Each structure stands twice: as C-alpha cells, then as structure tokens.
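Please read the structure below before turning to the comments.
The values are calculated or read from the model by the stated rules, or taken from the named source; none is laboratory data. A quick note: this is a predicted structure, and the numbers were derived from the prediction, not measured. Quick reminder, even Gly has a Cβ in these numbers, built from the backbone with ideal geometry, and neighbours come from all protein chains shown.
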Amino acid sequence: MTIHRQTPLAESLSLSRQFGKDIHLKMEAAQPTGSFKARGVGHACTEHRNRGARRFVSSSGGNAGLAVAYAGRRLGVPVVVVVPNTTSERAKAMIGLEQAEVVVHGSSWAEANERALSMLSPTDAFIHPFDDPLLWTGHATLVDELAEQGGKPDAVILSVGGGGLLCGVAEGLDRNGWGDVPIVAVETRGAESFARAVAADHPVTLAGIDSIATSLGAKTVCVRALEVARSRRIESVVVSDAEAVEACLRLMDDHRVVVEPACGASLAALGRSRIVSESSGRIVVVVCGGVGASAEDLFRWRAGFA
Ligand SMILES: *Cc1c(COP(=O)(O)O)cnc(C)c1O
C-alpha cells in the first residue's frame, strides 16, 4: 500500500502562451492532504511501521503534520501532533479530522518541537518535516512519475522551505538518469534561507521569518540541500509575497485549484528565472499545494498588497 497517489501532469496552455514556453504542472495539490508531503511522509511512516513503530510523533501544525496524521490513519498507527498555541483552529481541526491527537504546547515551533521530542518512547517514530533521507526518497517518486508521463523535462521549478522537496526531486532526477536537469529553487522574500545559504556557501540561520508563505518558513535549510546545490545546476530565485499570491489566484482561475503562497512562489518564478527564459524545452513546475490558505485568504492578501 502506498500512502501517496500518482498526480496528473497538466499542460498549462495559459502559462505556456504567456511565457512563450512549454509549461507543465505536476499537480501535487491533488495528493491526499493537499500537498506533496504525502509522498515523503507516507514513505517514512510506512518504513517506521515496518520496523515496529507503534506511534508517530510530529511537531508540525502545517502540511507535514497533516500528512503524518493521514499516514497514521491509513496505516492504523496512532499519531500525536504537538503544535504551538499560534497554530490556527482550522489547522488543528484538520489534523483532528484525521483522528490524530493534537497537543498544544508553547508559543513557538521550537517549544512545541522540544515537547514532542521529550515525549518519545523507544517504540515511537519522530517524523521530521524536511530533514530525513526517508522523506527525500519518498518525495523522489514525483520524478519517477514524470518519467512515465512524457519523459525528461528541460528544467524543474520547485519551492524550498527546509529543502526536503529539493533533496527529494534531486534524488529522483538522479535515479532516473536525469542528473543534468537543472532545478529552479524558489523562496519568498523574508523566508529566503536557501538563497542566503547558497550565496554564503554555508548554512545560514535567518533571525526571523517575514513572509506569508509560512510553509517556506524554515529558518535554516537542511545540510543536504546545500550539498545538492553544490553538486548540480541550481538557480535560486526569490519572489515577493505579492507575486506569489497573484500566481495562486491565477492558478485558481486557470486550473481550478487553491494552493498556498508557498506554492504560488514557484509559479511566480516562471517570470523571474534565467533557466526558464533560456530554455527551449519542457518546463515542469511542481505545484506543491498546501491547505493552509483558503481562497478568501488569497483575496484578503491581494487587497492588502494593493
Ligand atoms: C512543506 C512545504 C513546502 C516546503 O518544502 P520543504 O521540503 O520544507 O522544502 C512548500 N510548499 C508546501 C505547500 C509545503 O507543504
């Protein structure tokens, strides 16, 4: 049994026309729980269950925690998600709907995470949101599907939070013999921990996160993300929150899908990437999804930027 499902690769005629390129969208918003997290989290949870884990513990109130809750329900393994008191009622309710136990502790993710780690017994498995090779191997299935859905892309565009998706897509490209395919790695301004790390060539920790794209809000990317950046062709692109929201609304109209600004960022990068502007082949954008923003949130943000 796999926890994730195969997602469509949709041709975007409207984006292709606008940018004069051949643009395809890998629709991870169609995953159970609405984001690509189902892939890596599903794989990690399945492995841990097979090794005897009796409970999954997460400290993410976002898409990762939701994916752990879903995977636990599907695998018949209890889940506890520890979140800070800043987590929205809506997010807690969604995790609760998946039958996971939600524990509220502390006023920051760091405090919630500390509590989660302190709860771990030897038969528990802690599921990290981005820094775990099991996760990356699961995310890599996204590229395996591309191989069946029309073949080698000319470039892949994806968003970077802690760098788990980046590491997974790089692994997937390598294991399909596509190590030469360049990756456009996108963040929003105020959450650009990867861009800063690449520029400095060592891990950089942001003092704080100043972006509405909360799913990109890892203050430090994983060490592996920097290794990936050193070992292949990667272009780091930073877009504004306003551009990310605009791209979300455009996707909503064109493809009837609501996603977070964390995902809109990758679509917004189509107009900002040198790799895209120089490409003559097929561009694949990973529409990573996310359930943390409603259509109303998107409209409200747009009005705020105007
Ligand atoms: C988790 C997530 C990201 C960032 O992924 P990382 O693996 O942390 O880089 C981007 N977008 C959405 C919707 C996410 O859920």
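A few remarks follow.
- Pairs where the first residue, in region 164-185, is not assigned by TED's automatic domain parsing to the domain that holds Leu270 and the second is within 16 Å of the ligand (Cβ to nearest atom), C-beta under 8 Å, 6+ apart: none
- Answer residue from region 114-140, given it is assigned to a strand (DSSP E or B) and either assigned by TED's automatic domain parsing to the domain that holds Gly281 or out of contact with any His (no Cβ under 7 Å at 6 or more places or on another chain) (or both) and is surrounded by the most Cβ atoms within 10 Å (Cβ to Cβ) among those: Phe126
- Among the candidates Ile283, Ile275, the residue that is in the same structural domain as Ser215 (by TED's automatic domain parsing), in a strand (DSSP E or B), modelled with pLDDT of 95 or more and away from the ligand (no atom under 16 Å from the Cβ) is uniquely Ile283.
- Looking only at residues in region 141-178 that are away from the ligand (no atom under 16 Å from the Cβ) and in a helix (DSSP H, G or I), the one that is surrounded by the most Cβ atoms within 10 Å (Cβ to Cβ) is Leu146.
- Yes/no for Leu298 being touching a strand residue (DSSP E or B) at 6+ places or on another chain (Cβ under 9 Å) and either in contact (Cβ under 8 Å) with a residue 12 or more places away in the chain or crowded, with 20+ Cβ neighbours inside 10 Å (or both): no
- Of everything in region 179-193 that is touching a helix residue (DSSP H, G or I) at 6+ places or on another chain (Cβ under 6 Å) and within 13 Å of the ligand (Cβ to nearest atom), the residue that is farthest from Phe305 (Cα to Cα) is Ala185.
- Complete set of residues in region 68-80 that are surrounded by 24 or more Cβ atoms within 10 Å (Cβ to Cβ) and in contact (Cβ under 8 Å) with a residue 60 or more places away in the chain: Tyr70, Ala71
- From Ser159, Ser121, Ser215, residue being in contact with a Cys (Cβ under 6 Å, 6 or more places away or on another chain), under 30 Å from Ala53 (Cβ atoms) and among the hydroxyl-bearing types (Ser, Thr, Tyr): Ser159
- All of Gly217, Gly190 fail the test of being closer than 23 Å to Ala29 by Cα and assigned by TED's automatic domain parsing to the domain that holds Ala30, apart from Gly217.
- Subset of region 262-271 [under 20 Å from the mean Cα position of the chain (by Cα) and either surrounded by fewer than 24 Cβ atoms within 10 Å (Cβ to Cβ) or more than 9 Å from the ligand (Cβ to nearest atom) (or both)]: Gly264, Leu267, Ala268, Ala269, Leu270
- Among the residues examined, Gly61 qualifies as under 15 Å from the mean Cα position of the chain (by Cα) and modelled with pLDDT under 95.
For every residue, the table says whether it meets (1) crowded, with 24+ Cβ neighbours inside 10 Å; (2) of a type outside the set (Val, Ile, Thr).
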{"residue": "Gly20", "(1), (2)": "no, yes"}
{"residue": "Thr33", "(1), (2)": "yes, no"}
{"residue": "Gly40", "(1), (2)": "yes, yes"}
{"residue": "Glu47", "(1), (2)": "no, yes"}
{"residue": "Arg55", "(1), (2)": "no, yes"}
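- Within region 198-240, if we keep just the residues that are within 29 Å of Ser88 (Cβ to Cβ) and not in a loop (DSSP other than H, G, I, E, B), the residue that is nearest to the ligand (Cβ to nearest atom) turns out to be Ser215.
- Hits in region 265-295 - residues which are of a type outside the set (D, E, K, R) and without any contact (Cβ under 8 Å) to a residue 24 or more places away in the chain: Ser277
- Taking the criterion of being polar (S, T, N, Q) and under 18 Å from Ile283 (Cβ atoms), the only residue of region 133-156 that qualifies is Gln149.
- Matching residues, region 93-113, being part of a helix (DSSP H, G or I), modelled with pLDDT of 95 or more and surrounded by 13 or more Cβ atoms within 10 Å (Cβ to Cβ): Met94, Ile95, Gly96
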